[in-house]
Amino acid sequence: MTKQEERSKARRKRRREKRRAEKKSVAFVPKKDLCIGDLDHSQTSAMHTIIDWWKEYQENGSVEPLTIGGYAGTGKSTLLGLVLPTLKDEKTNAPPVIAYVAFMGKAADVLCSKGLPASTIHSLIYNSTRNALGEMESERKDRKEIGNISLIVVDEASQVSDEIREDLEFFNIPLLYTGDHGQLPPVAGKGNIMEDPEIKLETPHRSALDSGIISLSTLAREGKRLPKGIYGVKEDTEVVGADRINDVDLLNAADVVICYSNRYRNGINVALREAKGFSGALPTVGEKIICIKNNKTCGVFNGQVFTVVKSEDCVGHFVMDLLSESGELKQGLNIFREHFDGQEHPYVYGQTLFCQFEFAYAITGHKSQGSEWPNVLVVEEPMGRLNLEMKRRWMYTALTRASQKLTLVSRFR
């Protein structure tokens, strides 16, 4: 980073802190006369904050990023769906060109399913090229390479590391960070921009609580008991006891199994690979694997899930073509094989052209962040190393990964 970039970063930080201090005391003061249409008091107040933020950009030509946090079922998506179409360029009266992005490919897919032209952050701001040795490398794009975008909306922003946020803010385009401030900190690096968002939506709507997924995750976030039984008007959620902990058929019926410990995750992956007809210790075509360490050079990041399209077993490593959950094909990735041989992952310092992966039928709650699956099974385990607050965040994050059906297997009931 040059001295000019360092000074620019420091100025942005000072402006952000000043702006947060000025607005924090007046955010979300419920006023009945602010209610508009289907928005509740908090959503209406948030809408005016967003509009004021956009006006600030129109007047000054630059603005600090705005953070919007909302718990599951509080109507964050409804708010953004209503307010973003009202934003206009004051000079042309044209709507802004909005880029919707997410760190995880799965989160980008969810946005696409809602009719939004979404992509991953990486595909928007980085170029992937091959070097003289035929190996993949990534570098940040120039401003002109990302087109005439005038607003970037970053979904699941709690997953975005400080390093990637710096690259996003380099382009000097208004950034709207959105996410759930009840979730775990990011897996991709230090820092969590959603830890204390400027806008907070925290009361689930009554209609949202008809969902068993929202009801159970809300109980978990509030630190309440999660009794066995069926939840939700549509009975989409069930809590079962410890006697189902080794039920392979139950585990195999889920799109993904989420657990806390790597020890238990490894055991489930072995059982599920066998149940799905895969043999041997090494990954083969058609299998799901997950990146467990950022590799910006190769354009893969911690928590991304891929399907193996092609695999060549070379001396000491694999060369693989992988298909991401968002449909992006990564070709010629060099992948360490130590983990699949039952060894520890090699220690890597600095940039490398070799990536670290593991099987992804069962993943940890931390690795599940930013993704969503129709049918999720969560295994409750002892989490002795976490404090009470982080235990709540872990359970809440894991439970809210389900979009249609959720099963919680408790080892304590």
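The values are calculated or read from the model by the stated rules, or taken from the named source; none is laboratory data. Computed from a prediction, not measured in an experiment: that's the story for all the values here. Cβ: placed from backbone, ideal geometry, glycine included. Neighbour counts: every protein chain shown. For the accessible areas, the whole protein counts, side chains as well, though only heavy atoms, and no ligand, DNA or RNA atoms are used. Shrake-Rupley method; radii C 1.70, N 1.55, O 1.52, S 1.80 Å.
A few comments on the model shown:
- For region 62-133, a simple Cβ point-charge model (Lys and Arg +1, Asp and Glu -1, everything else neutral) yields a dipole of about 180 debye relative to the Cα centre.
- Working from label points 7 Å from Cα in the Cα-to-Cβ sense, the residue 163 to residue 307 distance is 2.9 nm.
- Calculated [θ] (222 nm, deg cm²/dmol) that DSSP helices of n ≥ 4 give over the chain, each run adding -39,500 (n - 2.57): -8500 deg cm²/dmol
- Using the Cβ of residue 149 as centre and a radius below 14 Å, the other residues enclosed give a net charge of -1, where K and R count +1 and D and E count -1.
- Contact order normalised by residue count of region 28-175, Cα under 8 Å, 6+ apart, percent: 20 percent
- Environment charge of residue 235, counting only residues whose C-beta is closer than 13 Å and scoring Lys/Arg +1, Asp/Glu -1: -1
- Share antiparallel - DSSP beta bridges, the chain, percent rounded to 5: 45 percent
- Gain on full stretching of the segment that runs from residue 248 to residue 93 - 0.36 nm per residue minus C-alpha separation: 50.0 nm
- Within the accessible area of the chain (1.4 Å probe), percent carbon and sulfur: 49 percent
- Basic side chains Lys and Arg get +1 at the Cβ, acidic Asp and Glu get -1 at the Cβ, and with that the dipole of the chain about its Cα centre reaches some 1120 debye.
- Toward the positive end of the charge dipole of the chain, with +1 on the Cβ of Lys and Arg and -1 on the Cβ of Asp and Glu, the farthest Cα among 100, 326, 352 is that of 100.
- Dipole moment magnitude, nearest 20 debye, region 105-194 about Cα centre, only Lys, Arg, Asp, Glu C-beta charged: 200 debye
- Annotation: Cα Rg of region 158-316 relative to the compact-globule expectation 2.2 N^0.38 Å equals 1.31.
- Ranking by accessible area, most exposed first, for 372, 202 with a 1.4 Å probe: 202, 372
- Ranked by how many other beta carbons lie within 10 Å on average, peptides 119-125, 351-357 from highest: 119-125, 351-357
- Multiplying the residue separation of residue 323 and residue 276 by 0.36 nm and subtracting their alpha-carbon distance yields 15.0 nm.
- With both labels modelled 7 Å from their Cα along Cα-to-Cβ, the residue 58 to residue 331 distance reads 4.6 nm.
- The structure-derived value of mean projected area of the Cα convex hull in nm² appears in the list [x] 21.8; [y] 24.5; [z] 19.0 under the label [x].
- Note on the chain: dipole from Cβ charges, positive end direction compared against 215, 45, 271; the farthest Cα belongs to 45.
- Rounded accessible area of residue 54 (nearest 10 Å², 1.4 Å probe): 10 Å²
- A 1.4 Å probe run over the protein chains yields, for region 146-211, 35 Å² of accessible area per residue, whole-number rounding.
- The peptide list 359-370, 327-338, 267-278, put in order of mean Cβ contacts within 10 Å with the highest first, becomes 359-370, 327-338, 267-278.
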